[in-house]
Amino acid sequence: MSQSADGLHGAGHTAEGPAPPAAVEQLHAVRLMVNGAAHTLALEPRHTLLDTLRADLELTGTKKVCDMGDCGACTVLVDGRAMYSCLLLAIECQGREITTIEGLARDGELDPVQRAFVEADAFQCGFCTPGQIMSLRALLNETAAPSEADIMRAVTGNLCRCGAYVNILKAGRRAAELAAAPREAGSPGETLPAGEAR
Ligand code: FES
Ligand code: FES
């Protein structure tokens, strides 16, 4: 860090005095449909969908790791397809149906992919897990009976640093079975604790 002629250190000052604060872009009214609920938010056009979900809507199940399209931790469904929310602007998601990990359970009952992850013990730290689940959910949205190759391909964009892939693939196979099997009468399946929304 250099010292300027007026004795002030570093960025943020000019010879004429303090630099003006970074420009704030104009706010726009952005309408989003997330997990079946409509939201109108005042956002800068540069605001990512990931930051909007986590900071504005407090849906922190979607994880922010690389923030540059490398890891898949931020995967959500957009119109049923898996997408990296860190690479999408919130403003361009208007008119589209966004689903996060919090929106998968129905009536307090876990989605088959979530149940499969529990059954197969398909996580260690769990940080990549929401993204893995969303990618496999997207696969099952497209293909009721995926092959092993389909399952592997579905999670290639989701990095698990602690190496839980063997069980993640097992969970993918199990999820396809659970999604295809009619629920046995009287079987409640895996349920969420009371009051838990994710
Ligand atoms: S946080 Fe989006 S791909 Fe890593
Ligand atoms: S379970 Fe640890 S990074 Fe995936």
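What follows is calculated from the coordinates using simple rules that are stated; it is not laboratory data. This one's a predicted model, so the numbers in the text were calculated from it and none came from an experiment. All Cβ positions, glycine included, derive from the backbone under ideal geometry; neighbour counts span all protein chains shown.
Is there a quick way to get the dipole size of the stretch 28-103? I mean about its Cα centre, with the Cβ of Lys and Arg at +1 and of Asp and Glu at -1; what is the value in debye to the nearest 20?
Its charge dipole is roughly 60 debye.
Answer rounded, prolate or oblate for the stretch 112-179, using the Cα gyration tensor with square roots of eigenvalues a ≥ b ≥ c: rounded when a/c is under 1.5, else prolate when a/b is larger than b/c, else oblate.
prolate
If I model a spin label as a point 7 Å beyond the Cα along the Cα-Cβ vector, how far apart are those points for Arg161 and Ala38 in nm?
A separation of 4.1 nm, rounded to one decimal place.
What is the spin-label model distance, in nm, from Gln26 to Glu119 if the labels are put 7 Å beyond Cα along the C-beta direction?
Calculated label separation equals 5.4 nm.
Report the calculated FRET efficiency for Glu92 and Ala144 (r = Cβ-Cβ distance, R0 = 30 Å), to the nearest 0.05.
Once the sixth-power term is evaluated, E becomes 0.50.
Dividing the Cα convex hull volume of the stretch 28-103 by residue count, how many Å³ per residue is that?
On the way: hull volume 5.6 nm³, N = 76.
Dividing the Cα hull volume of the stretch 28-103 by its residues yields 74 Å³.
Provide the net charge surrounding Cys93, with neighbours chosen by a C-beta distance below 13 Å and charges set as Lys +1, Arg +1, Asp -1, Glu -1. Display every interim value, and only then the final one.
Values: positive: Arg31, Arg81, Arg96; negative: Asp51, Asp56, Asp79, Glu92, Glu97.
Cβ neighbours under 13 Å give a net charge of -2.
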